[in-house]
Amino acid sequence: MSTTPSVIYLKDYQVPPFLIESTQLRFELEDDRTLVKAELRLTRNPECQVKPRGLLMHGDESLRLCRLAVDGQVLTAKDYSIDAGTLTIAEVPDQFILESVVEIDPAKNTALEGLYLSDGVYCTQCEAEGFRRITYYLDRPDVMSVFTTTVVADKARFPVLLSNGNPVAEGDDSDGRHWVTWEDPFPKPAYLFALVAGDLKHIEDTFTTASGKQVALRLFAEEKDLDKLDHAMTSLKASMRWDEQVYGREYDLEIYMIVAVDFFNMGAMENKGLNVFNTSCVLASQKTTTDAGFQRVEAVVAHEYFHNWSGNRVTCRDWFQLSLKEGFTVFRDAEFSADMNSRTVKRVEDVQLLRTAQFSEDAGPMAHPVRPASFIEISNFYTMTVYEKGAEVVRMIHTLLGPDQFRAGSDLYFERHDGQAVTTDDFVAAMEAASGRDLTQFKRWYSQAGTPVLDITDEYDPSESVYRLRVKQSCPPTPEASEKAPFHIPLQVGLLSPEGTDMPLENGATTVTLELTESEQTFTFTGIPQKPVPSLLRGFSAPVKLNYAYSQAELVFLMQHDSDGFNRWEAAQKLGVIILQALIADYQAGRELILSDALVGAYRAVLNDTTLDPAMVAKVLTLPSQAYLGELSTQIDVDAIHAAREFAMNALACALEAEFSQAYKRCLIDVAYQPSAEQVAQRMLKNLCLSYLLRAGKPEYLALAQQQFSDADNMTDEQAALALVVHSNYQDAAPAMLSQFYSRWSQESLVVNSWLAVQASNPCPGALSQVEALMQHEAFNMKNPNKVRSLIGAFCGQNPVNFHAKDGSGYRFLADQVVALNELNPQIASRLVAPLTKWKRYDETRQQLMRDQLQRIMDSAELSRDVYEVVSKSI
Ligand code: B3K
Ligand code: ZN
């Protein structure tokens, strides 16, 4: 890069000097170029104090300007200037029509931002700042305009032409081309603009809103995938109903469309009335999609649908407010999924993600508050912190206010701000106004980064029947601040009697919410007849780390008796952590590894309890992950963690072989496949049992896995059997299964992605050369983000032992790929580099090797803003 990219600060926010009342667009799509004609009605913003003479518009360097006119008057080169990323017109009136014609080249757009081609289908991605790659515009979310869009293209090759809103006119031209005009009556920022043109087919349904309005629902895909859209349609209708029932929000246009494309940088995009989805988040079928895949489709369809209110009708003032729409919408989709499936399982999965991926972000060089104060490239801030921690912040407001006041707050928020671009402060203000609560201190969750730590001790006084909890909160320093003021933290607590029942607390409730506001506080419980075992942070009521010195016996007790399902699982995790940490220390000291009876006994009891939800049994019997154990370590010893986990899993397999085998058989399903919570749970436990059985050292279990692989009538069972064998000691059996799987599924791109990922995440030696070989395979394409994530992403993110190989080969490999992708697709490159940025967590040798590679990336020519920001902040 020639110049150092500039930093943008929240404190510098200023209202836009001009507004765009209406936007008329005409796209002429041709093979080697696309013409974009724009007619914008601009007017000075009455809220802007300054009155600049000229007008500054955003526009990417790749735009080729053909014509520019103000009120019909064509401008010449002396009237305007074009700079890197901007167009400035020297002088403009207070109100005027700006016409522009630019030429762009979607076929060359490998960054997949703006207008690009995905397997021959034209599509757009404009959030956050992609619209400026389409035309000159005020590409900021607080400029909201009414859009009318005409798309013109060859009719035979692009029979389907879509944009936001409702179709209002269409026609055929004499030269084999046709056109469609779309009108979106709702003012929106440019980031919600969308266009799609291609040879697509669709399925159709209708939804009748609570007030009786008919909405057409159309889901588009390539013809070969048309049979994989039913689950998305069911999920969409369920989401629409849920948002009416739980939030009182109805859909507002006559048509809602989703288009599936294979080349996409993230999961999906909530463009008004025209969502564009990564195929991986919309296509689903029994034969090709795992249960987790089905649930992801349901969740993402819901997430994008919910954005219609939390994001589109009420949008963000500026990109620092991103969590306004993302945190709130993730909270909404999580609650939806919890209502549709098992609430406790959903909570466990979300907390696992938060505690590994978000906590490590908070502890790394890119740590930032839920509302960041500055950025170089906004694309780098679509993070676990903004999304997942942002959702936890909204969840805490829900906990503090209770469901009724929270609903009143959300109603007030939508009522006050419909059609506006607002801030997280506006959101909190609505919650305060509806509830009468003061959330001033609570707002620190938006402005302070870092994961708070709670250190809790207790004492019981039998003579007074008094129990006390002493809570200290602290928060480690992060790059933007070394000192943190105390957070307002809702800590949900229950107390268990020695018999394992919940003790009645205030007003007979069995769970109370303690509100922490100071760095040190003591909470007193009176009328406590016996020394209780505390159940702390029930439901994971705040995104914090909690230390309390539980004994192993207490954890086993909580696993059996806690009425809070989440905390029963948490007790098993804590027990697993204690035992694994001891094994890690033994491994490091060269001592013999011995598995504790406590773990075997606790696992046996859970496995034999047929009254439990099989999904929860599977979750409880899964040891703390490699990533979580790493996150808990001061210095991450990848090899020791891996060895300790392997040892423990093998020992558990031998000790509980009979139980795993029985549970496997209990979970076999003899009715037709359904992605229902009940069947998902059975398959989850069955495959967990299979994973242990393959470690029991008997060839009959290899045969069982192979049989499951061949006989499976669904992808969950087929893929689980494949992955388990490929990652097992039965290395001789792996190649045949892999090639069988590939030849069976080579035409199903998404299935091939999991075939790539299974090999890339293989902890056995030789994975890197396998990955390098696969990069030359016909199934791999560096320009397709799904392929890159499945192969390179899985190797660097889900194969710690091989990625962190002591010779530095994994690091070198990643740096090579980041440099290559930096040119092709900066967003993907910058996401991929994350594992290298966590170098401080490793031993000195690895630290040096990782930093060397970061430096090598830094020194490479023409670094994108995306990669520059992440790499420069980490070295
Ligand atoms: N809002 C989009 C994310 C856009 C990311 C741009 N780099 C998807 C979502 O969160 O729903
Ligand atoms: Zn979102």
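With R₀ fixed at 56 Å, the C-beta to C-beta distance from Gln552 to Met858 puts the FRET efficiency at about 0.75. Peptide packing: for 676-685, 309-318, the average count of neighbouring Cβ atoms within 10 Å per residue gives the ranking 309-318, 676-685, highest mean first.
Comparing Thr517, Gly539, Thr423 along the charge dipole axis of region 390-542, the residue lying farthest to the positive side is Gly539, per the Cβ-charge model.
Once each part is reduced to its C-alpha centroid, what is the distance from region 1-66 to region 625-639 in angstrom? Between the Cα centres of region 1-66 and region 625-639 lies a distance of 46 Å.
Using θ = phi - 60° in the Karplus curve 6.51 cos²θ - 1.76 cosθ + 1.60, the 3J(HN,Hα) couplings for region 441-456 round to 5, 4, 5, 4, 4, 7, 10, 10, 7, x, 9, x, 10, 10, 10, 10 Hz; x is entered for Gly and Pro. Database remark: amide H of Cys316 closer than 5 angstrom to the amide H of Val422 (H placed geometrically; neighbours at sequence offset of 5 or more, or on other chains; Pro and chain starts carry no H).
P(r) tail, region 39-191: Cα-Cα pairs separated by more than 22 Å, 47% of all pairs.
Projecting the Cα atoms of Gln855, Gly808, Val819 onto the charge dipole of region 806-864 (Cβ charges, centred on the Cα centre) puts Gly808 farthest toward the positive pole.
In the chain, Cα pairs under 8 Å separated by at least six residues give a relative contact order of 8 percent. Placing one equal scatterer on every Cα of region 267-345 and applying the Debye formula, the log10 ratio I(q)/I(0) at q = 0.14, 0.16, 0.25, 0.26 Å⁻¹ is -0.49, -0.62, -1.18, -1.22.
The mean of 1/r over all pairs of different alpha-carbon atoms in region 317-456, once inverted, gives a Kirkwood hydrodynamic radius of 15.6 Å. A simple count of charges around Ala367, restricted to other residues whose Cβ falls under 9 Å of its Cβ and scoring Lys, Arg +1 and Asp, Glu -1, yields -3. For region 248-309, the Cβ-based charge dipole about the Cα centre amounts to some 160 debye (Lys, Arg positive; Asp, Glu negative; other atoms uncharged).
As a ratio to 2.2 N^0.38 Å, the alpha-carbon radius of gyration computed for region 209-349 takes the value 1.01. Translational diffusion coefficient, Stokes-Einstein: compute it for region 127-275 using the Kirkwood radius over C-alpha pairs as Rh, at 37 °C and 0.692 mPa s, and state it as an integer in µm² s⁻¹. Approximately 198 µm²/s, per Stokes-Einstein. Annotation: per residue accessible area for the chain equals 38 Å², rounded to a whole number [probe 1.4 Å, protein chains only]. Where in the chain are the helices, taken as whole DSSP H runs, whose Cα atoms extend 20 angstrom or more along the long axis and whose Kyte-Doolittle mean reaches at least -0.5? Length and hydropathy pass: 291-306, 322-340, 390-417, 565-588, 638-655, 677-693, 809-824. The relative contact order of region 830-875, computed from alpha carbon pairs under 8 Å that lie at least 6 residues apart in sequence, is 49 percent. Taking Cα centre as origin and charging only the Cβ of basic (Lys, Arg, +1) and acidic (Asp, Glu, -1) residues, the dipole magnitude of region 1-99 rounds to 280 debye.
Ordering Thr149, Val471, Val788 by the projection of their Cα atoms onto the charge dipole of the chain, which places +1 on the Cβ of Lys and Arg and -1 on the Cβ of Asp and Glu, puts Val471 at the extreme positive end. Charge tally around Ser435: other residues with Cβ under 11 Å, Lys/Arg +1 each, Asp/Glu -1 each, net -1. Among the listed pairs Lys51/Lys484; Lys78/Lys272; Lys389/Lys574; Lys51/Lys443; Lys37/Lys783, those whose Cα-Cα separation exceeds 31 Å are Lys51/Lys484; Lys78/Lys272; Lys51/Lys443. Magnitude of the charge dipole for the chain, about its Cα centre and with charges confined to Cβ atoms of Lys, Arg (+1) and Asp, Glu (-1), is about 1000 debye.
Relative contact order of region 598-720: what whole-number percent is it, with Cα pairs under 8 angstrom and at least 6 residues apart? It comes to 26 percent, rounded to a whole number.
Computed on the Cα atoms alone, the convex hull of region 373-429 gives a volume of 94 cubic angstrom per residue.
Highest mean packing comes first when the peptides 480-489, 342-351 are listed by Cβ atoms within 10 Å, giving 342-351, 480-489.
Pairs of alpha carbons in region 212-256 separated by more than 11 Å make up 70% of all such pairs. Electrostatic tally near Phe709: other residues with Cβ closer than 13 Å to its Cβ, Lys and Arg +1, Asp and Glu -1, net -3. Separation of region 165-239 from region 115-142 is 18 Å, based on Cα centroids.
As a ratio to 2.2 N^0.38 Å, the alpha-carbon radius of gyration computed for region 31-122 takes the value 1.24.
Checked against a 28 Å cut-off, the cross-linked pairs Lys188/Lys213; Lys545/Lys619; Lys108/Lys325; Lys201/Lys619; Lys287/Lys665 give Cα-Cα distances beyond that limit for Lys108/Lys325; Lys201/Lys619. Can you compute the helix-only [θ] at 222 nm over the chain? Use -39500 (n - 2.57) per DSSP H run of at least 4 residues, normalise by all residues, nearest 500 deg cm²/dmol. Calculated mean residue ellipticity at 222 nm is -12000 deg cm²/dmol.
The tail of the calculated P(r) for region 828-875 beyond 14 Å holds 45 percent of all Cα-Cα pairs.
Loop-located trypsin sites (Lys or Arg not before Pro) in region 89-161 (DSSP state other than H, G, I, E, B) with a sparse environment of at most 16 neighbouring Cβ atoms within 10 Å: Lys155, Arg157. Considering only the Cα atoms of region 705-749, their convex hull presents on average a projected area of 3.0 nm².
Considered as an equivalent ellipsoid built on the Cα gyration tensor, the chain has semi-axes of 46, 33, 27 Å, the largest given first.
Ignoring lysines fewer than eight residues from Lys873 along the same chain, the ones with Cα atoms less than 19 angstrom from its Cα are Lys838, Lys840.
The values are calculated or read from the model by the stated rules, or taken from the named source; none is laboratory data. Remember, predicted model here, so these are calculated numbers, not experimental data. Here the Cβ is made from the backbone with ideal geometry for all residues, glycine too, and neighbour counts use every protein chain on show. Areas reflect the complete protein model, heavy atoms only, side chains present, ligands, DNA and RNA absent. Shrake-Rupley method; radii C 1.70, N 1.55, O 1.52, S 1.80 Å.
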